[in-house]
Every structure is written in structure tokens, then in C-alpha cells.
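Here the structure comes first, spelled out in C-alpha cells, and everything after it is commentary.
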Amino acid sequence: MTTHHPEPAYLDPTPTTTDHATAGYLTDEATGPAWRLLLGDACERLTELPDACIDLSVCSPPFAQLYNYSPSPRDLSNSHTRGEFLDHYGYIIREQLRVTKPGRIACVHVADITLQKVLHNVIGLTDFSGEIVTAFTTAGWIFDGRVTIDKDPQAQAIRTKSQSLLFVTKDRDSSMLRPALPDYLLKFRAPGDNTVPIRSDVSNEEWIAWARPVWLGIRETNTLNARLGKEAADERHICPLQLDFIERCIRLWSNTGETVLSPFAGIGSEIHTAVRLGRRGIGIELKSSYWHTAVTNLRGLDAHQAAPTLFDTPTLDPDATPDAEPACTAGEAR
Ligand SMILES: C[S@@+](CC[C@H](N)C(=O)[O-])C[C@H]1O[C@@H](n2cnc3c(N)ncnc32)[C@H](O)[C@@H]1O
């Protein structure tokens with residue numbers, strides 16, 4: 001049952017919109033045979049998990065204030081400054097370390113963030129990925145790898161309308177040209193020895209491709225459908241994480257049957273992939289419409305996995321006569 005909590009005053013000292021006043025704070029929980037989805041603030045809900053219960057986490061945090069997901073002051077994307085965002089995220093990063101088993105991995109999906117003329121009076125980039133590395137290492141994680149996720153510059157030019165990618169910029173003054181912005185996978189390891197070796201099912205051919213510092217073949221459109229997560233008249237948008245990215249992380253850095261965490265579960269992409277690949281999943285999501293969609297997505301997967309397939313072998317009756325007339329045809333007119 002969803003629980004409604006009044007917003008504590010310290011979280012919003014200067015409420016300026018009715019949104020803040022009415023949004024409130026909801027918590028809830030849904031479970032399936034191999035998953036648990038917690039509705040609420042990851043800062044608080046992570047504290048409910050015992051020490052060292054997580055084998056791997058995979059997530060895409062809000063990219064500071066780049067996209068706003070909800071009006072809640074608990075939403076990391078509603079930070080007023082980058083410093084406030086990093087302070088807020090620090091609570092989650094520290095709890096994530098507490099709940100992770102020694103020697104195990106956290107995979108974080110990030111991208112660097114642009115400075116725009118209209119907002120910042122300058123065109124340029126900020127080293128958001130570097131700030132996330134500092135936030136994790138400050139919290140005690142070991143920085144253990146960075147993979148660049150290749151991007152299609154033409155698709156990015158169409159989507160973002162960035163002047164920095166256009167032929168006209170090249171022809172006018174190429175000092176303002178820059179390559180497409182990649183995404184990154186940042187890999188962190190919890191200190192201590194890993195006591196259960198990870199026996200990956202990744203083939204040698206796959207590892208030859210995935211050992212590259214640049215991952216090719218992450219399909220940008222291969223995501224869980226976000227449509228159901230959009231509330232009416234809500235222009236705030238979700239960016240579901242590419243399933244290929246999640247799948248590589250889970251197959252590389254967890255065993256089947258182990259538990260995968262996403263503290264920013266969104267519509268459930270990481271937990272859905274974990275369960276589909278035979279792992280268990282725990283997700284936390286603040287926004288109730290996304291959480292409801294995640295629950296629907298996971299229940300759909302459960303139903304799909306429970307359904308017999310064309311190739312399932314029916315239970316054979318040892319007493320049946322092989323040549324007997326099939327029951328459905330008995331007595332039927334031919
Ligand atoms: C980049 S999206 C994650 C999308 C997710 N990977 C997916 O594929 O659906 C970031 C998410 O963090 C959530 N979020 C922001 N602040 C949060 C908090 N304090 N606790 C839990 N979730 C939060 C947002 O509502 C948003 O769904």
C-alpha cells in the first residue's frame with residue numbers, strides 16, 4: 001500500500017511552487033519471484049537494506065540538473081548547483097558501498113554536460129564524469145575502469161541540434177566544431193577481496209570486442225518502452241538506459257542467481273534485464289509513475305517467463321499408447 005509522507009521542512013526551505021507543496025512523498029513496495037521494487041528516496045530506502053547484500057549495481061543517475069524528472073526536492077535533478085547535486089548523491093554513493101559485497105562492482109552510466117550560451121554565457125563542456133569519479137573515490141570506492149560508449153554524430157546532431165556538429169559550423173569557423181558527446185561506463189570496485197569468483201558466460205569473441213575501451217554496438221533505441229511512464233501534461237522526460245549496455249555489465253560482473261541493485265530504477269530497465277538474465281534485482285525509484293511502469297514491466301516479464309513456449313516438452317504420460325487417437329479428435333466428424 002502506498003504511504004504518503006508529509007515533506008520534512010529541511011528538504012525544502014523555500015517552497016516556491018504549488019508542485020512542491022502538493023507533491024508530497026510516497027513510499028511503496030512491490031515484489032516478484034526474483035525482484036523487489038521500492039518506491040521512494042534512495043537516500044532513505046537504501047538504509048533499509050542490510051550490509052553486503054548486493055553483488056552488482058548498474059544505474060544511470062540524474063545528470064545533475066540536465067533533465068528534471070519530478071518536482072520533488074528529493075529528486076537529485078532538482079539540485080540548485082552542481083555542488084548541491086554531488087552532496088546529495090554522496091549519501092546514495094556511501095550507502096551503495098555499505099550494501100555492496102567486498103570486491104564487487106558498481107557500474108555507473110554518465111555523460112559530460114554542456115555549457116550553453118543562453119544559460120551559461122559560454123559554449124563548452126563540464127567534466128561531469130570526472131566529478132562522479134571523485135564523488136565515488138571520496139566515498140571509498142576504487143575507480144577501476146572507464147569505457148567510452150560510441151555515439152552516432154548524425155543522430156546526435158538531429159536530436160540535440162548542437163551547432164558544434166554541423167557542416168555550417170565547419171564551413172564558417174571550425175574552431176567551434178567538436179566530436180559527438182559519448183556516454184561513459186564508469187566501473188568502481190568495493191574495497192576488499194571478492195569471495196565468490198564471477199564465472200562469466202561471456203565468450204572469448206565477445207570479450208575481444210568488449211575489452212576495447214570503446215564499446216561499439218550499443219543500440220541507442222534498444223530500451224524498455226518509456227511511454228507508459230509519462231504522466232499527462234508532464235513534459236519532464238525519462239531517458240531509459242540502453243539494454244545492451246546493461247546486459248554487458250550484468251553478464252561481465254555478476255553470476256546467475258546474484259542480486260543486482262539500481263538506486264535510480266526509472267521504468268525498471270536494469271532490474272528487468274537482471275531478471276531476464278537469471279539474476280535477482282532490487283530497484284529504488286522516487287517518481288511514482290515511473291515506479292508503477294517498472295512494476296508493470298517486471299510483472300509482464302514474470303508472466304512471459306512463466307508461460308510455456310512452443311519448445312517446452314509436455315509432460316508425457318508413461319501409460320499412453322503412442323498410436324492412440326488424440327483426445328481432441330475423438331467423436332469428431334471428419
Ligand atoms: C536517468 S533516470 C534512470 C532511468 C533508468 N535507468 C531506466 O532505464 O528507466 C534517473 C532516475 O532517478 C530518479 N531519481 C532522482 N532522484 C532520486 C532519488 N533521490 N531516489 C530515487 N530515485 C531518484 C528519477 O526519478 C529518474 O527516474
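The values are calculated or read from the model by the stated rules, or taken from the named source; none is laboratory data. Predicted model, so just to flag it, every value in this text is computed and none were measured. Note that each Cβ is placed from the backbone with ideal geometry, even for glycine, and that neighbours are counted across all protein chains shown.
Test His292 against the criterion of being touching a strand residue (DSSP E or B) at 6+ places or on another chain (Cβ under 9 Å) and either near the ligand (Cβ under 9 Å from one of its atoms) or at pLDDT below 95 (or both), and give yes or no. The answer is no for His292. Here Gly83 does not qualify as of a type in the set (Gly, Ala, Ser), in a helix (DSSP H, G or I) and closer than 28 Å to Leu252 by Cβ. With the condition kept exactly as written, say whether any residue in the stretch 68-83 is within 20 Å of Thr2 (Cβ to Cβ), within 15 Å of the chain's Cα centre (by Cα) and within 14 Å of the ligand (Cβ to nearest atom). Within the stretch 68-83, one or more residues are within 20 Å of Thr2 (Cβ to Cβ), within 15 Å of the chain's Cα centre (by Cα) and within 14 Å of the ligand (Cβ to nearest atom).
Asp302 falls short of the stated requirement of being away from the ligand (no atom under 12 Å from the Cβ), modelled with pLDDT under 95 and farther than 27 Å from Asn78 by Cβ. Quick check on my filter: what residues within the stretch 131-155 are more than 14 Å from Pro61 (Cα to Cα) and in a helix (DSSP H, G or I)? Thr134, Thr137, Thr138, Pro153, Gln154, Ala155, listed by residue number.
Condition first: in contact (Cβ under 8 Å) with a residue 40 or more places away in the chain and not in a strand (DSSP E or B). Now tell me which residues in the stretch 102-120 satisfy that.
Passing the criteria: only Asp112.
Every residue in the stretch 161-192 that is under 30 Å from Ile93 (Cα atoms) and either part of a loop (DSSP other than H, G, I, E, B) or of a type outside the set (A, V, I, L, M) (or both), please. Of everything in the stretch 161-192, those that are under 30 Å from Ile93 (Cα atoms) and either part of a loop (DSSP other than H, G, I, E, B) or of a type outside the set (A, V, I, L, M) (or both) turn out to be Ala180, Leu181, Pro182, Asp183, Tyr184, Lys187, Phe188, Arg189, Ala190, Pro191, Gly192. Residues in the stretch 86-113 that are in contact with a Phe, Trp or Tyr (Cβ under 6 Å, 6 or more places away or on another chain), over 21 Å from Thr259 (Cβ atoms) and away from the ligand (no atom under 12 Å from the Cβ): 2 in all.
Conditions tested, residue by residue: (1) out of contact with any Leu (no Cβ under 7 Å at 6 or more places or on another chain); (2) surrounded by fewer than 15 Cβ atoms within 10 Å (Cβ to Cβ); (3) at pLDDT below 95.
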residue: Ile93; (1), (2), (3): yes, no, no
residue: Thr100; (1), (2), (3): yes, no, no
residue: Gly103; (1), (2), (3): yes, no, no
residue: Val108; (1), (2), (3): no, no, no
residue: Ala111; (1), (2), (3): no, no, no
residue: Lys117; (1), (2), (3): yes, yes, yes
residue: Gly130; (1), (2), (3): yes, yes, no
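Please tell me if Ile284 is part of a loop (DSSP other than H, G, I, E, B), of a type in the set (A, V, I, L, M, F, W, C) and in contact with a Leu (Cβ under 7 Å, 6 or more places away or on another chain). Spelling it out, it is not the case that Ile284 is part of a loop (DSSP other than H, G, I, E, B), of a type in the set (A, V, I, L, M, F, W, C) and in contact with a Leu (Cβ under 7 Å, 6 or more places away or on another chain). In the set (1) closer than 28 Å to Glu29 by Cβ; (2) at pLDDT 95 or above, the condition left unmet by Arg248 is number (1).
Search the stretch 281-308 for residues that are within 15 Å of Gly32 (Cα to Cα) and pair each with any residue that is at pLDDT below 95 and near the ligand (Cβ under 9 Å from one of its atoms) when their beta-carbon atoms are under 7 Å apart and the residues are at least 6 apart or on different chains. Qualifying pairs under 7 Å: Thr293/Gly229; Asn297/Leu224. Filtering the stretch 113-169 to residues that are in contact with a Gly (Cβ under 9 Å, 6 or more places away or on another chain) and hydroxyl-bearing (Ser, Thr, Tyr) leaves Thr114, Thr138. Among the residues here, Glu270 qualifies as within 12 Å of the ligand (Cβ to nearest atom), in a helix (DSSP H, G or I), at pLDDT 95 or above and among the charged types (D, E, K, R). Just one residue in the set Ser254, Ser262 is within 12 Å of the ligand (Cβ to nearest atom), among the polar types (S, T, N, Q) and touching a residue at least 40 places away in the same chain (Cβ under 8 Å); that residue is Ser262.
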